[in-house]
1. Taking the Cα centroid of segment 256-282 and of segment 381-450, what is the distance between the two, rounded to the nearest whole Å?
2. Taking amide H positions as placed 1.01 Å from N in the peptide plane, with prolines and chain starts having none, which residues 5 or more places from Asn45, or on another chain, fall under 5 Å of its amide H?
3. Would you pull out the residues with amide H under 5 Å of Gly213's amide H, same chain only if 5 or more places away, H placed 1.01 Å from N?
4. Tell me which residues come under 5 Å, amide H to amide H, from Phe265 once H is placed; ignore anything under 5 positions away on its chain.
5. Lys and Arg at +1, Asp and Glu at -1: add these up for the other residues within a Cβ distance under 13 Å of Lys341 and post the number.
6. So what does log10 I(q)/I(0) come out to for the chain at q = 0.11, 0.14 Å⁻¹, using the Debye formula with one equal point on every Cα and no solvent?
7. Ala73 to Thr35: FRET efficiency via 1/(1 + (r/R0)^6), r the Cβ-Cβ distance, R0 30 Å, to the nearest 0.05?
8. What is the distance in Å between the Cα centroid of segment 53-75 and that of segment 317-372?
Amino acid sequence: MKKVHIKSYGCQMNVYDGQRMADVLGQEGYVETATPDDADLILLNTCHIRERAAHKVYTELGKLRDLKRERKAQGRETTLVVAGCVAQAEGAEIQRRQPAVDLVIGPQTYHRLPALLAQARSGRVVDTELPPEDKFGHLPAPKPAVILARGISAFVTVQEGCDKFCAFCVVPYTRGAEFSRPVAQVIAEVERLAESGVQDVSLLGQNVNAYHGKGPDGVWTLARLMHRIAEVPGITRIRYTTSHPRDMDEELIAAHRDLPQVMPFLHLPVQAGSDRILAAMNRKHTSDEYRRLIDKIRMARPDIALSSDFIVGFPGESDADFEETLRLIADVRFASAYSFKYSPRPGTPAAELAEQIPLAVMDERLHRLQALVEEHRQGFNHAMVGRTVEILIERAGRHPGQLAGKTPYMQAVQIESATHRIGDRVLALIERAGSNSLFGRAVERPDLAA
Ligand code: 5AD
Ligand code: SF4
């Protein structure tokens with residue numbers, strides 16, 4: 001039996017892509033293995049968003065070259081594949097820097113993996129086309145047992161690429177222009193997942209709320225797509241990520257009020273709080289527009305948990321600009337957030353700007369920002385203590401007799417229960433908030449009482 005090890009870096013879309021590549025290779029007789037040590041095929045599914053992420057790939061490839069050599073000495077072949085966004089951005093350069101790599105394949109061509117692997121047997125291959133053809137239409141459906149093994153929560157990519165061109169970001173270059181999957185294809189995938197026991201779907205896209213897929217009667221929006229997904233039997237939870245503030249339209253906001261399956265959680269990156277920096281970033285919104293948008297979303301769904309991405313040290317960011325970011329965070333109070341030091345990326349307009357910020361300044365700003373966000377995150381988690389919320393049980397817990405799941409607000413929870421199982425929706429009383437997880441116990445469900 002041939003074995004493949006897939007290591008995905010970066011965002012959730014890479015996790016989804018990694019699973020699709022496993023499905024394609026599954027048809028060729030490969031089974032997945034969790035370690036590179038016993039794999040015949042090792043595939044790095046890479047991320048190019050920040051320099052550090054891209055750098056990691058070369059470090060890893062150095063180690064894998066040694067592994068490949070050792071095995072060769074024992075008469076065993078290993079195939080090394082680099083996929084994902086570094087592959088797309090750097091192409092043949094990867095094999096120049098690391099000749100042990102057999103195949104470089106971009107994120108738009110992985111349905112061609114079997115043919116490319118065959119080609120790679122007689123020499124190194126690079127395929128980083130951004131073809132207009134629909135790769136999704138060429139992907140095999142995973143078997144029910146494979147779906148089940150991946151758990152009751154699943155990712156479904158509905159949109160790829162980005163037309164926004166934020167000045168710091170490589171995505172419009174690595175993932176290409178916006179593309180939305182047709183409605184029928186998405187629904188068929190969600191139905192297949194639900195039939196195998198999936199309850200919780202996260203709809204993915206680099207700019208997911210710009211979704212505009214071909215429907216049976218013209219173009220559908222993300223809100224309309226979610227209304228349809230909410231009708232799929234078995235689907236109890238729906239989320240979507242990542243959204244751009246400019247594409248949060250009234251219909252989508254209303255879906256948070258009207259659809260019980262749409263979870264009260266929204267990742268809506270703002271990046272910075274100063275209008276001068278937002279303009280330099282080409283974000284196409286001001287900080288007040290963002291605040292007003294948050295107000296509207298909270299009117300539709302008062303308990304919604306909000307999350308964001310922040311970049312500190314964008315070229316030209318002054319102390320006063322940074323204070324504006326802290327002020328925005330204090331005003332909104334995010335339930336969680338990701339934050340990064342600005343990293344100049346080749347080919348992006350911001351990398352050419354003169355006023356790059358010293359690392360020490362970025363470190364200090366990142367530290368202050370993270371401390372504030374952490375205070376709000378802990379506050380949000382502690383406010384759950386004493387409340388009763390519905391938990392979807394996803395896996396066994398840390399200790400015997402414990403089960404792990406999530407609240408509707410994306411918080412991890414451990415509950416004590418001897419009677420419940422994976423897939424159950426349990427009402428739990430939250431008794432304690434730890435630093436990364438809530439703890440509680442199952443209580444009677446009045447809505448299920450006869
Ligand atoms: N430097 C630092 N962070 C970046 N991001 C995107 N590009 C860069 C960059 N060049 C961050 C943004 C984005 C998240 C996915 O990564 O905050 O929302
Ligand atoms: Fe990058 Fe901006 Fe597009 Fe997000 S919206 S993927 S940050 S260009």
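No lab work stands behind these numbers, since they all come straight from the coordinates. What you see is a predicted model, and the numbers here were worked out from it, not measured in a lab. For neighbour counting, all protein chains shown are included, and Cβ atoms are generated from backbone atoms with ideal geometry for every residue, glycine included.
1. If you average the Cα positions of each part, the centres end up 28 Å apart.
2. Amide H to amide H, under 5 Å and 5 or more residues apart or across chains, Asn45 pairs with Lys7, Ser8, Tyr9, Ala83.
3. Trp220
4. Ala305
5. On the way: positive: Arg50, Arg52, Arg345, Arg365, Arg368; negative: Glu51, Asp309, Glu317, Asp363, Glu364.
Value of the local net charge: 0.
6. -0.98, -1.49
7. On the way: r = 20 Å, r/R0 = 0.66.
Computed FRET efficiency for Ala73 and Thr35: 0.90.
8. With segment 53-75 and segment 317-372 each reduced to a Cα centre, they are spaced 35 Å.
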